[in-house]
Amino acid sequence: RTALKDTSLPTGGGATGTSPVGILAGKSIIIILDSVHRRTDIFGPDASIFNPHRWDNKWKPNWTTYPFNRGVRVCLGKSLALTEVNFVLFGLLQAFKRIE
């Protein structure tokens, strides 16, 4: 993306990352999703380790994760992926009489 006008981000600058960051018009802005998904201030000290239990009872959709990106640049395969997950999940549920 390219900034259309001079603006600033509220945090991310300075030695501690808490100062505002100025962005001049015409500058390119890139979000590195790999680093967003490994933020220890949000996900804890084990942010770089695969841990599906981190979502137990606390999943809140917000802008801290981008599994399929958002807005006009959303993943074209998002609907297909979610449909396939549901298909497999319900297939598993139908295959077993009891799940403990």
Scope region 1-24; condition in contact with a strand residue (DSSP E or B) (Cβ under 8 Å, 6 or more places away or on another chain) and small (Gly, Ala, Ser); matching residues
ALA3, SER8, GLY12, GLY13, GLY17, SER19, GLY22
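Among residues belonging to region 84-100 that are loosely packed, with under 11 Cβ neighbours inside 10 Å and under 27 Å from the mean Cα position of the chain (by Cα), point out the one that is nearest to PHE43 (Cα to Cα). Before you say what the answer is, go through the steps one by one.
Filtering region 84-100 for residues loosely packed, with under 11 Cβ neighbours inside 10 Å gives 85-100.
Now drop any that are not under 27 Å from the mean Cα position of the chain (by Cα), which leaves 85-90.
Working: VAL85: 24, ASN86: 26, PHE87: 29, VAL88: 28, LEU89: 26, PHE90: 30 Å.
Restricting to residues being loosely packed, with under 11 Cβ neighbours inside 10 Å and under 27 Å from the mean Cα position of the chain (by Cα), the top hit is VAL85.
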Taking region 3-40 on its own, how many of its residues are closer than 21 Å to THR65 by Cα, loosely packed, with under 10 Cβ neighbours inside 10 Å and over 14 Å from the mean Cα position of the chain (by Cα)?
2
What number of residues within region 46-63 are surrounded by 12 or more Cβ atoms within 10 Å (Cβ to Cβ) and at pLDDT below 80?
1
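The values are calculated or read from the model by the stated rules, or taken from the named source; none is laboratory data. Owing to the predicted nature of the structure, the values given are computational and were not obtained by experimental measurement. In this analysis, Cβ positions are derived from the backbone assuming ideal geometry, glycine residues included, and neighbour counts consider all displayed protein chains.
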